[in-house]
Every structure is written in structure tokens, then in C-alpha cells.
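Peer 1: I have a structure here, written as C-alpha cells, and I will follow up with some questions on it.
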Amino acid sequence: MREIMSILGGLKGEKLGICQCHEHLMLRKGEGYYINPDLCMDDVKKSATETEGYRRAGGRTLIDAQPVGCCRMEEGLCEIAERSGVQILASTGFHKRAFYPRGHWLFQKTERELQDVFETEIFQGMYIDCDGQFSGKQTKARAGVVKLALEDGDSFRAGKALFTAAISAAVHGERSLLVHTEPESPVMEFLTFAEKLGMEPGRVALCHMDRTKADKTLHLEVVKRGTFLEYDTIGRFKYHDNEREAELIQEITDRGFGERLLLSLDTTAARMKAYNKEAIGLDYILAEFIPFMEQRGMKRSVIMKMLTDNSRRYLEA
Ligand SMILES: [Zn+2]
């Protein structure tokens with residue numbers, strides 16, 4: 001059993017409860033905002049209200065997937081956790097290049113220095129407000145997972161220092177990996193690379209493959225390896241409807257790999273009710289998607305296990 005670290009301190013596995021493993025609760029205005037204005041949720045009150053709604057629906061824990069140096073709001077997250085009573089795990093690591101201004105410190109540091117930054121965030125506390133410059137100031141809140149963005153094969157091979165540093169920090173700090181994927185991401189090459197650095201396959205979650213990779217055999221290869229798939233294209237109708245999402249979940253489950261699925265929403269301001277009245281809301285899986293899956297014939301207990309036992313195994317095993 002490994003330690004589960006929330007921003008307010010260590011957490012016993014049995015206290016984890018329902019946990020959506022890839023959300024964004026707070027985000028400062030930055031490069032992401034200029035690409036998509038929905039990538040700004042900087043109002044603590046609103047984010048806390050949204051998180052309280054998740055708790056009322058039965059949610060107990062959330063992972064915030066915004067890493068250091070790209071508009072993460074570590075102090076805001078602590079405030080939300082205190083106000084809402086929802087346990088929040090924060091991320092260190094790195095996101096897509098497009099979310100950083102040119103010349104950002106993250107891309108200037110050596111592999112050793114980067115590993116040091118990530119490990120400091122895991123063992124001691126997250127750095128405060130270091131988007132533009134490296135602040136060096138810390139909170140007491142520690143990072144609970146390591147996030148990284150796997151873009152295309154070229155950027156993966158060219159960015160080996162960053163990948164090596166993040167994966168090594170996760171291995172050393174006994175943290176699980178959350179991996180952003182895209183249609184061009186070389187996921188199997190990445191998994192082999194991570195395993196060579198000592199990362200256990202069962203502590204890796206490949207995110208968004210339900211919308212980035214249409215080839216189902218690839219999904220099956222991943223779960224057969226013992227790695228988790230984090231599906232979050234739920235209620236994201238610009239990609240596909242819930243029927244399509246349900247089919248995919250059903251298929252992986254029917255093949256006997258339901259225990260390798262994690263479910264989440266990958267929220268932005270556009271999908272939080274407190275920021276947008278038309279939004280589906282952070283409680284959407286619990287309030288609407290589970291009943292929808294039940295209507296289609298899936299047992300409630302099977303989906304609940306994905307949100308509880310699977311999340312726990314991913315973080316703790
Ligand atoms: Zn995300």
C-alpha cells in the first residue's frame with residue numbers, strides 16, 4: 001500500500017470514496033485562455049460551489065490535473081478542499097507545450113533540475129505562482145500525482161529530459177502518472193519507456209483515449225498490460241454522444257477489463273454550472289451518466305467500482 005497524498009495531507013485508501021481522476025477545478029488566465037477562453041476558472045467561490053455540488057451527489061475525492069508552471073492555482077485548490085470537504089489531489093509535472101509562453105523556465109532546466117522541482121513538489125510542497133518565472137516559494141500542500149502530456153512522437157523523442165524527469169520523480173516519490181494523449185501520441189512506445197524507468201504499468205493512467213484513439217485493439221492492448229484507461233468524453237457531445245461512450249465502456253467491461261477503467265469529466269469553465277448555466281456540471285457522472293448506463297443494462301455496482309475501487313487501486317496499489 002502506498003500513501004495517497006491530498007493537498008490537505010495523507011489519506012487512507014478507505015477514505016477515498018468516489019474519485020473522478022482527471023478534473024480541472026481552478027485555472028488562472030494564461031496561454032491556455034488565449035487558445036480557449038473556457039480555460040480560465042479563477043473564482044474560488046464558483047469553483048467551491050461546483051465542488052460542493054459534486055459532494056452532494058456523493059463525490060468524495062477529485063484529482064486536479066493542472067501541473068506546475070501553467071496556471072495551476074494551488075492555494076485556491078486548498079481553499080476549495082477546505083470549504084467543500086472534498087479531498088483534492090493536485091498535480092506536478094508538465095502539460096502541452098502550447099500552454100506555456102516561449103522561453104518558459106520548464107524548458108530551460110536540465111533533467112536533474114526538473115526532477116528536483118517535481119520531487120520537491122511531491123515530498124515538501126508545491127511552488128506558488130511560478131507561471132512566468134520560477135518563484136521558489138512553496139505552499140505546504142504536496143502534489144499527489146504526476147501529470148504529463150504525450151503529444152506526437154517527435155516531441156516525445158525530443159523532450160526526453162522532461163519525460164525522464166517526471167517519470168523518475170513519480171517512481172521515486174511513489175506517485176501515479178496521469179498521461180494526456182492525442183491522436184498522434186505514441187502510447188505503447190511511451191509505456192515501454194516509462195516501464196524501463198521503473199514505472200509500474202498499474203500506476204499509469206492514459207487519459208482521453210476514448211476520444212483520441214478510435215482503434216479499440218489499442219485500448220485492449222493497454223489494459224492487458226495492466227495500465228489504466230481514464231475515459232472522460234462523457235457529456236462532451238462535440239466529440240461523440242453518450243451512447244458511443246457507453247458502448248466503449250461496455251466493450252472493455254465485457255472483455256473482462258472493467259477493473260482498468262477510470263471515469264472523469266476533464267472539466268473546464270464550459271462544463272461547470274457555477275461558470276456556465278447551460279453546463280453539464282461536475283456532478284454529471286453521478287447524477288446523469290450512471291442512470292443512463294443503468295438504463296442500457298449496466299449494473300450500478302459495476303460503474304461505482306470504476307469510480308471507487310479502480311481509483312483507489314490506481315493511486316495506492
Ligand atoms: Zn485535462
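The values are calculated or read from the model by the stated rules, or taken from the named source; none is laboratory data. Quick caveat: nothing in here was measured; it's all calculated off a predicted structure. Ideal geometry is used to build each Cβ from the backbone, glycine not excepted, and the neighbour counts take in all protein chains shown. To get the accessible areas, we keep the full protein, side chains included, count just its heavy atoms, and leave off ligands, DNA and RNA. Shrake-Rupley method; radii C 1.70, N 1.55, O 1.52, S 1.80 Å.
Peer 1: What's the local net charge at GLN295, with K and R +1, D and E -1, over the other residues with C-beta under 13 Å away?
Peer 2: Summing Lys and Arg as +1 and Asp and Glu as -1 gives 0.
Peer 1: Same structure, new question: PRE reach from ALA214 (point 7 Å along Cα→Cβ): which of the stretch 179-196 fall under 14 Å by backbone N?
Peer 2: Counting backbone N atoms under 14 Å from the label point, the list is 183-184.
Peer 1: I want to check the label-to-label distance for ASP254 and ALA98. Put each point 7 Å from Cα in the C-beta direction and report it in nm to one decimal.
Peer 2: Output for this residue pair reads 3.5 nm.
Peer 1: Taking 0.36 nm per residue of separation and subtracting the Cα-Cα distance, what length does fully extending ASP116 through ALA317 add?
Peer 2: Working: separation 201, 0.36 × 201 = 72.36 nm, distance 2.46 nm.
So the chain would gain 69.9 nm between ASP116 and ALA317.
Peer 1: So how much slack lies between GLU174 and MET1, counting 0.36 nm per residue of separation and subtracting their Cα-Cα distance, in nm? It would help to have the intermediate numbers written out before the result.
Peer 2: Values: separation 173, 0.36 × 173 = 62.28 nm, distance 1.03 nm.
61.2 nm is the gain from fully extending GLU174 to MET1.
Peer 1: Mean residue ellipticity at 222 nm from the helices of the chain, using -39,500 (n - 2.57) per DSSP H segment of n ≥ 4 over the full residue count, to the nearest 500 deg cm²/dmol?
Peer 2: Working: 13 runs with 116 residues, N = 317.
One gets -10500 deg cm²/dmol as the mean residue ellipticity at 222 nm.
Peer 1: Ignoring ligands, DNA and RNA, please state the percent of accessible area on the chain from carbon and sulfur, probe 1.4 Å.
Peer 2: So the carbon and sulfur contribution to the accessible surface is 46 percent.
Peer 1: Provide the per-residue ³J(HN,Hα) series for the stretch 235-246, in order, calculated from phi with Karplus coefficients 6.51, -1.76, 1.60 and θ = phi - 60°, each as a whole number of Hz, with x at glycine and proline positions.
Peer 2: Once θ is set to phi - 60°, the couplings for the stretch 235-246 become x, 10, 6, 6, 9, 6, 7, 5, 4, 5, 5, 4 Hz.
Peer 1: Across the stretch 26-36, in residue order, what do the Karplus-derived ³J(HN,Hα) couplings come to in whole Hz, using 6.51 cos²θ - 1.76 cosθ + 1.60 with θ = phi - 60° and x for Gly and Pro?
Peer 2: Result, ordered by residue: 9, 7, 7, 5, x, 3, x, 4, 6, 7, 8 Hz.
Peer 1: Report, ordered by chain and residue number, the lysines lying within cross-link reach of LYS46, taken as a straight Cα distance under 22 Å and ignoring same-chain residues fewer than 8 apart.
Peer 2: LYS29, LYS273, LYS277
Peer 1: Only bridges with both residues in the chain count here: give the DSSP antiparallel percent, nearest 5.
Peer 2: Beta bridges within the chain, antiparallel portion: roughly 15 percent.
Peer 1: While we're on this one: For the chain, calculate the relative contact order in percent as a whole number, restricting contacts to Cα pairs under 8 Å that are 6 or more residues apart.
Peer 2: Value for the chain: 20 percent.
Peer 1: Roughly what would the spin-label model give for LEU197 and ASP42, points 7 Å off Cα along C-beta, in nm?
Peer 2: If labels sit at LEU197 and ASP42, their model points lie 3.1 nm apart.
Peer 1: Here's a follow-up. Let me know the whole percent of all Cα-Cα pairs from the stretch 4-316 that are separated by more than 38 Å.
Peer 2: Tail of the P(r) past 38 Å holds 6 percent of the pairs.
Peer 1: Hey, which lysines would be in cross-link range of LYS305, C-alpha to C-alpha under 21 Å, not counting anything within fewer than 8 residues on its own chain?
Peer 2: List returned: LYS12, LYS15, LYS224.
Peer 1: While we're on this one: Between VAL204 and residues 5 or more places away or on another chain, which pairs have amide H atoms under 5 Å apart, with H built 1.01 Å from N, and which residues are they?
Peer 2: Long-range HN contacts for VAL204: LEU177, PHE228.
Peer 1: Report, by chain and number, residues whose modeled amide H sits under 5 Å from the one on GLY144, excluding near sequence neighbours (fewer than 5 apart, same chain).
Peer 2: ALA90, SER91, THR92
Peer 1: I've got another one for you. In square angstrom, what is the accessible area per residue of the chain with a 1.4 angstrom probe?
Peer 2: I get 40 Å² per residue for this part.
Peer 1: Now a separate question. Can you give me the long-range amide H partners of LEU8? Hydrogens built in the peptide plane at 1.01 Å from N, cutoff under 5 Å, separation of 5 or more residues or another chain.
Peer 2: ILE88
Peer 1: Same structure again: If each residue of separation counts as 0.36 nm, what is the full-extension length gain between ALA161 and SER135 once their alpha-carbon separation is subtracted?
Peer 2: On the way: separation 26, 0.36 × 26 = 9.36 nm, distance 2.15 nm.
Separation in residues times 0.36 nm, less the Cα-Cα distance, equals 7.2 nm.
Peer 1: How large is ³J(HN,Hα) for each residue in the stretch 156-167, as worked out from phi by the Karplus curve 6.51 cos²θ - 1.76 cosθ + 1.60 (θ = phi - 60°), to whole Hz, x for Gly and Pro?
Peer 2: Result, ordered by residue: 5, 5, 6, x, 4, 4, 5, 5, 4, 4, 5, 5 Hz.
Peer 1: For LYS45, LYS196, LYS273, LYS160, what's the largest-to-smallest order of accessible area, 1.4 Å probe? All intermediate terms of the calculation are to be shown ahead of the outcome.
Peer 2: Numbers: LYS45 140, LYS196 170, LYS273 95, LYS160 65 Å².
Accessible-area ranking of LYS45, LYS196, LYS273, LYS160, largest first: LYS196, LYS45, LYS273, LYS160.
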